[in-house]
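Down below is the structure, laid out as structure tokens.
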Amino acid sequence: MGQILKHRCYLSWSFFFLLLFSGFFGAISEAKEEALVVSVYSSRKEHLIKPVFEKFTKETGIKVEYMTDKAQPLIAKIEAEGSRTKADLLLTVDAGNLWQATKTGLLKPVKSPGLEQNIPEHLRDPSGAWYGLSVRARTIVYHSGKLKESDLSDYEDLSTPKWKGRLCLRTSKKVYNQSLVAMLIFQHGEKKARDIVKGWVENLATKVFSSDTKVLEAIAAGQCDLGIVNTYYFGRLKQKMEKFPLRLFWPNQNSGGVHINVSGAGIVKHAPHPKNAQKLLEWLSSPSAQVLFAELNLEYPANKSVAMADEVKSWGSFKESKMNLQKAGELQASAVKIMDQAGYR
Amino acid sequence: MTLSTIVGSWAYRDPQLWSHLGSYVIPDAVFNSVSLLVGVSALSLVFGTSFAILTCFYQFPGRKIFHALLILPLSLPAYVTGFIFTGFFEFSGPFFTFLREQLGIFAWVPIRSYPGLVFVMSASLYPYVYLMACQGFRSQGQQAMECGRMLGMKPWSLIFRLVIPLSLPWMTGGSLIVAMECLSDFGTVSVFSYDTLTTAIYKSWFGFFSKAVAGQVSTVLLVFVLLLIWLQDRNKTRQYTATSHEVKGFQRIKLTGIKALGSVVILILFLSLVFLLPVYQLASWSLQASRFNFLLPDSLGATLGIGLTGAGICLLVGFSLTISNRLLGYVGREAWWVRTALVGYSIPGNILAVGVFIPLAWIDQIFFWPVFESDSLVLGSSIFALLTGLTIRFSGIGYSSFSGGMKRISGDLTDIGNVHGVGPGKMVSSVYAPMLNHAAVTGFILILVDIMKEMPLTLMLRPMGWDTLSIRIFELTSEGEWERAAWPALWLVFAGMVPLLILIYQEKKHERDFENR
């Protein structure tokens, strides 16, 4: 029996060395490869970016390699990799992350007339370090059997006592809620924002949920009457459920507008293939890419000249907040602090 | 290496952030982490030990099958069980919706609560205790039972007053593994919105953008880890090793009538809840997924490749640790370097990933680039980084497995060997290795299953294109796409079941071998 253990030893060791050397040779051979490739570090999930990248490769012949992970580990990775990073483009799903990457000096500002024309000003970094590519709104959703549109007004109203025990929210740990609160701080200042969040917490019907989809399901099942979700989760669930008694409401139409956020990208400072990265970025902002990019996830295209998917159109038009989204990143730490102090888990 | 990266984070201070964390986040996190640890360890102990007693000491219809089934929940990652249970037993889930719509019952119990979380985690972690307890009973059982019978003790007291106390070190060993898993868990506690130290670490990193503070909170976590390891130490010094070899199988007490039926029913109910329900839910979700096909997930190859290699390496490391322990005279105790190696098991995957990646990237910069003029990261981005991280994390299991087996090899053997002039090398290959073979297989399989289920470490350190099943599942569930996550999840369960079934078969063979001697 000891023989078997020994053989296993040899086998594992050989396998290990094989892998080690393959990685090693792989790394060396890459250095000599021609630059018809671009590497993307993406926190946007694979099934949402694969079709887009495949289209890019078809149109330009440039191969796209990508790696997905949460935004923070990706940023840490690029930071640690330093000047020999493999990443050409960083693609994330929240402006806060993009802001932080900029602040850490990981992104290279780039100005191009194409990009500036395609992407509106409040959806891109002022210095050109990143550009938003698709827009999602974080808005109020309600049970149409229990509430009417006239019952609702804005985010701040949700903190008033009349909604006690009727509100469902997602956890404060999700960056989307942090950006929303960041907007409230921007509009009202820290103290008032904290009071608003405290009011929300007191109105909660149950413990906060780990996902927007669960919030939607809870409202549909009658556990609560309304909540705050990203529009595309609403769209996804609507396509899945037969009985769907939920509706979207656009708050703050007479004040700051609906809170929006972007998924966007920026060119990495030490990108090995910066020209390809810029090509990809510009292509992503162009109409043909925008349609696909936004449609895959039922989002709004950042490029305003592009038509949105029919389902998305059916939700109606609204006034969006024009706060430059890099503010969401700047104020994120304060937002998390306020949420902790207000007891918003 | 990892520890120094984490401890090194104290070099950067942020007193403002710490005062905020200190007043609002840390106290709750510590309290919650500790309560979770205590609750889950206790409940796993109860589950694992009682079922082990049932299947090891008693005979009833289907005992062998139940023994196998009781181990299978190990193939389900805790966070998968977590999201299945919350999905099923939530207010809006099928169970209570059925009660409301079909039976008009509006009462409901929140699954996302402390009891719910403790139950779910115990349900996926109890097999560690179960396996260890079985090993303990098997090795202590016969001689103790014989002595007891000679003294006229009844079967009941034999078990409870003799065998269990003797097997306590094994049971505690299993419990400690469970406790370590608890401390480092992030996925399951997130689904339950339960704030622990791991979520506090994440909050510092992701929410406050401060890796340094995240590292500092990690040191708080490490304090608890070291506490656990110290407890394990104390436990081992009180251990009494009676036998130096495994004992033959013994007569099981036969259960009849009501007792037999009762046992079977309880086991069926428990296993249905803990294993069959999740598997059924995964299967039904898979079929509901749009664009569903029966193709093998492409991530299966990566999962198996990394799993097998990783397990092999961890085993070797665990083996060397055990051997070095014994050869250098630490019979019954642990050398300090061994204890340090064990810490790896409790470090949450993400922290470990950063702790591994930064030094490796640094080594790359200092060493490889100038020498080989390579344009990219040799160590940092190759599979080496991932294997290093996994080794740090899981060698602890390899060590535990071997040390359990090693304990049965009395220190006398080493002395005898020395007397006869047998050198250490020969000692290892001719004496220790064959005797530890059983432990090797057990260890390999447990590590393999753990690596396949692992997610945060793999997520951060994998090279491009090496997505494992766990990563696929995580990506989809974090977007709420349960249906699409279900198919890879099922494959993960099957991939985990195969090695576990091999383990069970191997144990039976081992038992039979001894009975036939």
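The values are calculated or read from the model by the stated rules, or taken from the named source; none is laboratory data. The shown structure was predicted, so the numbers you read here are calculated from the model rather than taken from an experiment. Quick reminder, even Gly has a Cβ in these numbers, built from the backbone with ideal geometry, and neighbours come from all protein chains shown. Side chains are part of the model used for accessible areas, which takes the heavy atoms of the whole protein and leaves out ligands, DNA and RNA. Shrake-Rupley method; radii C 1.70, N 1.55, O 1.52, S 1.80 Å.
Here are the numbers:
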| quantity | calculated |
| --- | --- |
| Flag if A:Ile260 is at pLDDT below 95 and β-branched (Val, Ile, Thr) | yes |
| Checklist (1) in contact (Cβ under 8 Å) with a residue 60 or more places away in the chain; (2) surrounded by fewer than 17 Cβ atoms within 10 Å (Cβ to Cβ); (3) in contact with a helix residue (DSSP H, G or I) (Cβ under 9 Å, 6 or more places away or on another chain) applied to A:Gly145, failing item | (3) |
| Enumerated strands (runs of 3 or more DSSP E) restricted to the stretch A:59-158, each holding at least 2 residues that are of a type in the set (A, V, I, L, M, F, W, C) and touching a Gly at 6+ places or on another chain (Cβ under 6 Å) | A:131-143 |
| Qualifying residue in the stretch A:318-337 (condition: within 14 Å of another protein chain (Cβ to nearest Cβ), open to solvent by 30 Å² or more (accessible area, probe 1.4 Å) and over 20 Å from the mean Cα position of the chain (by Cα)) | yes |
| One residue from B:Gly22, B:Gly87 being under 30 Å from A:Ala221 (Cα atoms), within 14 Å of chain A (Cβ to nearest Cβ) and either over 19 Å from the mean Cα position of the chain (by Cα) or open to solvent by 30 Å² or more (accessible area, probe 1.4 Å) (or both) | B:Gly87 |
| Qualifying positions in the stretch A:277-289 - in contact with a Leu (Cβ under 9 Å, 6 or more places away or on another chain) and open to solvent by less than 50 Å² (accessible area, probe 1.4 Å) | A:Ala277, A:Leu280, A:Leu281, A:Leu284, A:Ser285, A:Ala289 |
| Residue within the stretch A:291-306 that is farther than 17 Å from A:Phe53 by Cβ and in a helix (DSSP H, G or I) present | no |
| Residue in the stretch A:74-95 that is farther than 24 Å from B:Glu479 by Cβ, open to solvent by 10 Å² or more (accessible area, probe 1.4 Å), more than 12 Å from chain B (Cβ to nearest Cβ) and in contact (Cβ under 8 Å) with a residue 60 or more places away in the chain present | no |
| Residue within the stretch A:167-181 that is β-branched (Val, Ile, Thr), assigned to a helix (DSSP H, G or I) and open to solvent by 10 Å² or more (accessible area, probe 1.4 Å) present | yes |
| Matching residues, the stretch B:455-464, being more than 8 Å from chain A (Cβ to nearest Cβ) and open to solvent by 10 Å² or more (accessible area, probe 1.4 Å) | B:Met455, B:Pro456 |
| Unmet criterion (only one of (1) more than 24 Å from A:Ser255 (Cβ to Cβ); (2) assigned to a helix (DSSP H, G or I); (3) within 14 Å of chain B (Cβ to nearest Cβ)) for A:Gly343 | (2) |
| Count - residues of the stretch B:475-511 that are in a helix (DSSP H, G or I) and open to solvent by 30 Å² or more (accessible area, probe 1.4 Å) | 14 |
| Subset tally (residues that are of a type in the set (Ser, Thr, Tyr) and not in a helix (DSSP H, G or I)) for the stretch B:75-112 | 1 |
| Yes/no for A:Met308 being closer than 24 Å to A:Val181 by Cα and away from chain B (no Cβ under 14 Å) | no |
| Test: residue in the stretch A:57-66 that is under 19 Å from B:Phe208 (Cα atoms) and either in contact with a strand residue (DSSP E or B) (Cβ under 6 Å, 6 or more places away or on another chain) or facing chain B (nearest Cβ under 9 Å) (or both) | no |
| Residues located in the stretch A:173-210, provided they are within 14 Å of chain B (Cβ to nearest Cβ), farther than 20 Å from A:Asn252 by Cβ and not hydrophobic (A, V, I, L, M, F, W, C) | A:Lys173, A:Lys174, A:Thr206, A:Lys207, A:Ser210 |
| Qualifying positions in the stretch A:247-271 - more than 30 Å from A:Ala80 (Cα to Cα) and touching a strand residue (DSSP E or B) at 6+ places or on another chain (Cβ under 9 Å) | A:Arg247, A:Leu248, A:Phe249, A:Trp250, A:Pro251, A:Asn252, A:Gly257, A:Val258, A:His259, A:Ile260 |
| Residue satisfying all of: in the stretch B:465-474; of a type outside the set (Phe, Trp, Tyr) and surrounded by 19 or more Cβ atoms within 10 Å (Cβ to Cβ); farthest from B:Ser75 (Cα to Cα) among these | B:Asp467 |
| B:Pro165, sole failed condition from (1) more than 19 Å from B:Arg393 (Cα to Cα); (2) open to solvent by 20 Å² or more (accessible area, probe 1.4 Å); (3) within 14 Å of chain A (Cβ to nearest Cβ) | (3) |
| Inter-residue pairs, beta-carbon under 6 Å, first at the interface with chain B (Cβ under 8 Å from one of its Cβ atoms) and in the stretch A:211-228, second of a type in the set (Phe, Trp, Tyr), 6+ apart | A:Asp212/A:Tyr233; A:Thr213/A:Tyr233; A:Ala221/B:Phe91; A:Gln223/B:Phe91 |
| Residues of the stretch B:42-74 classified as open to solvent by less than 10 Å² (accessible area, probe 1.4 Å), assigned to a helix (DSSP H, G or I) and over 17 Å from B:Gly174 (Cβ atoms), total | 1 |
| Condition broken by A:Pro109, with the remaining ones in (1) open to solvent by 10 Å² or more (accessible area, probe 1.4 Å); (2) within 11 Å of another protein chain (Cβ to nearest Cβ); (3) in contact (Cβ under 8 Å) with a residue 12 or more places away in the chain satisfied | (2) |
